[in-house]
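Heads up, the thing below is written out as structure tokens.
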Amino acid sequence: GSGGDSVIAQAERPDPETPPGQAPEEPRSRDDIDLLRIFGGPEVGERFTEETLVHRDATGALARLDTLPIEAALDLLDLDESTRANTDAVRAERARAWDDLFRNNIALILRAQSAAAAGDRDALAADLRDLAERAPELRDNAAYTRDLLAALPPADAAKAQSLAREYRAALLAELRARAGDDREALAALVTRERVEAFGRELRRAYERTLLADSAEFEALLETLDLTPEQQATVRRAVTDYAQKNILNTATPEDRAKLVQTLRETLTHSQWRTLLNQRFGANN
């Protein structure tokens, strides 16, 4: 249908002088796409040393990125201190916009987590689409990509575009192979990849926001009526993260690992209570 063709055409669009961001973004799970992983706890992202974003697992499937391709490309570049600071500033502004989306939509996010816990993929996808509609500027990565590239010297900008383009081409080729000649199926796969990408960005926002005030966060944990086993697991994970945070060595992967441990250790009710207490039950 025309809707499916439109989605595919957008994914296939070649890079103009103003760069990528229109192609399918960076899904990450290494097996078949699973929307339930968005709120079920991330794998810790890998940091590759080769100058390519295209890596494959033992089955030959494309290893999904944990960030946008353009961001992953920047992480591979050997930038001078000033240039890195400029790109970090652009990324920080973007992160603040995601954090605001999270803070302002806790009720909807809790609903999405309930859908994930119940195994209701359709409801989860619908909730994520609802969130995406509330932040159209965060769904369109083209302007953000242009801002990042504008902060780079021309040679580095070209290299970043090339790395991102190579990854997106590999992703689209994999989706085409999965869909065969069915363009509607291909459009559905592209759309699901984008929904997952949106969910991962949102997940990183709640990781950042949840752990923003360590003292307050630890105090909230004390109100959850944890079992002795839960207390031991949570205390060990929080202490490990807090030590790194004090030394200013905590990474996004450390933050993701802590949140994943909490999601796996707390009951769904305890997790909802934690979010409600942290951000306000009436949000």
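The values are calculated or read from the model by the stated rules, or taken from the named source; none is laboratory data. Computed from a predicted model, the values in this text were never measured in an experiment. Virtual Cβ from ideal backbone geometry, glycine too; neighbours counted across all protein chains shown. Accessible surface is based on the protein model in full, side chains and every heavy atom, while ligands, DNA and RNA are left aside. Shrake-Rupley method; radii C 1.70, N 1.55, O 1.52, S 1.80 Å.
About the Cα centre of segment 173-283, how large is the charge dipole given +1 on each Lys and Arg Cβ and -1 on each Asp and Glu Cβ? Please answer in debye to the nearest 20. All intermediate terms of the calculation are to be shown ahead of the outcome.
Working: 17 positive and 18 negative charges, 37 e Å.
Computed about the Cα centre, the dipole is about 180 debye.
Kindly rank 108-120, 91-103 from highest to lowest mean number of other beta carbons found within 10 Å of each residue.
Taking the mean over residues of other Cβ atoms within 10 Å, the ranking is 108-120, 91-103.
With the Cα gyration tensor of segment 51-128 in hand, convert its eigenvalues to equivalent ellipsoid semi-axes via √(5λ) and list them largest first in whole Å.
The answer is 31, 23, 6 Å, longest axis first.
For segment 170-283, with every protein chain kept in place, what is the accessible area per residue (1.4 Å probe, Å²)?
So segment 170-283 comes to 48 Å² accessible per residue, rounded to a whole number.
Stokes-Einstein diffusion coefficient for segment 171-253 at 4 °C in a medium of 1.567 mPa s, Rh from the Kirkwood formula over Cα pairs: what value in µm²/s?
On the way: Rh = 16.1 Å.
D = 80 µm²/s.
Per residue, what volume in Å³ does the convex hull of the Cα atoms of segment 137-281 enclose?
On the way: hull volume 25.5 nm³, N = 145.
Taking the convex hull of the Cα positions in segment 137-281, it is 176 Å³ per residue.
Over all directions, what mean area does the Cα convex hull of segment 97-210 project, stated in square nanometres? Don't skip to the answer; put the middle values down first.
Numbers: hull surface 34.4 nm².
Over every viewing direction, the Cα hull of segment 97-210 projects on average to 8.6 nm².
What list of ³J(HN,Hα) couplings, whole Hz, do you get for segment 250-265 from phi and the Karplus terms 6.51, -1.76, 1.60, once you set θ to phi - 60° and write x for glycine and proline?
5, 10, x, 5, 4, 5, 4, 5, 5, 5, 4, 4, 4, 5, 7, 8
Report, in debye and to the nearest 20, how large the dipole of segment 160-238 comes out about its Cα centre when Lys and Arg carry +1 and Asp and Glu carry -1 on their Cβ. Before the final figure, lay out each step's value.
Numbers: 13 positive and 15 negative charges, 95 e Å.
The calculated dipole for segment 160-238 is roughly 460 debye.
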